[in-house]
Amino acid sequence: MNDRRQERQTEERGFALILAILSLMLLTFLGLTLATTTSTELQIATNYRWSQQALYNAEAGLEAARIVLSNEADTATQWTALLPTERPGTWLQGAAPLPLDATVGRDFYKSACDDRAGVGYGKVLADAVTRYENVGVFPTLLGEALNGAFTIWVRRGVSVTNAGLYSDDTREDTLVIVAEGIAPYMGPGDAFTRARQATRVLETRFTLSLAGKGDPCGIGKQQGQEGGSPMGENYNPCADINDGATGSLSNQFSGPDSGGLKGTGVQ
C-alpha cells in the first residue's frame, strides 16, 4: 500500500506548476487582447476627431472665401481678378488643356481621381494681403487660430455640350470655391506626414449679386409676406403686397373684399 501511494504522489508531482503556467498564459492572452482593443478604440477615436476637425477647417475655408469674395467684388470687373484665365476652345473628357496661368505653390492642384474633365481644384485664392494656402497654424484668420489648416481654390465652372465637349465658363460673376481642410497640421511636411492627416473637401458655387446703396427693394414698394401661410414665417421684405382678386392677399380673406386691402383695416 505504501509503495502504491508513493508511486501516485510521484506521478502527480509538478501538476501545480503546469496549472500555474497555463493560468499565467491565459491571463497574458486576456491582457494582450484588452490592450489591443483599447489601442484600436483609441485610434478610432483619434481618427474621428481629426476627421471632424478637418471638416470644420474646410467649413472655415468656405466662410473665409465668402468674406474675401465679398471684399474683392467689383461693380465693373466683378471677380475677374480672382478667377483663373479662361482656357479657349473645347475638349473631350481626359484631354483638357493645361491652365494658362503660371503655377505657384498648390495652384491647379488635382489628384488623378479628381480630373473631372480637367476641372481640377483651380487657382489658390489670393487677395492683396493673403494667399489662402495652408492657412491656420502659424498665421491666424480673423484673430482665430485653427487646429489644423485649410486651402481655398477658386475655379471657373465648366459647361458640357450634348456632344460631350467641355469648355470653361466665360462668366466673371460666378465661380466655384473648393475648400480643403486638413488636421492635424504642423507644416507642409512630406508624403508620409500627409498620408496620416485627415482631409475633407467641400465645394460650393458663388454668384455675384450687386445691389445699389439704400433701399435694396426699391423706393415706394409695399413689402410683406410671400405665400399663404398665416404664421408669418414666409415674410420677405422685398415681396410686393398686391391687392385684387389675383393679388398676394387673395387667399387671406374671403367674402366681397377677397383680395383687397379693405378687410385688413388699413383702408
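A few remarks follow.
- Scanning the stretch 68-96 for residues being outside any loop (DSSP other than H, G, I, E, B) and surrounded by 13 or more Cβ atoms within 10 Å (Cβ to Cβ) gives a total of 6.
- Residues (over 17 Å from residue 85 (Cβ atoms) and either in a loop (DSSP other than H, G, I, E, B) or in contact with a Pro (Cβ under 8 Å, 6 or more places away or on another chain) (or both)) located in the stretch 111-128: 111, 115, 127, 128
- Checklist (1) surrounded by fewer than 15 Cβ atoms within 10 Å (Cβ to Cβ); (2) at pLDDT below 75; (3) not polar (S, T, N, Q) applied to residue 117, failing item: (1)
- Whichever residue in the stretch 148-170 is hydrophobic (A, V, I, L, M, F, W, C) and surrounded by fewer than 21 Cβ atoms within 10 Å (Cβ to Cβ) and, among such residues, is farthest from the chain's Cα centre (by Cα): 163
The values are calculated or read from the model by the stated rules, or taken from the named source; none is laboratory data. These numbers come from a predicted model, not from an experiment. Because the Cβ atoms are built from the backbone with ideal geometry, glycine has one as well, and the counts that use them run over all protein chains shown.
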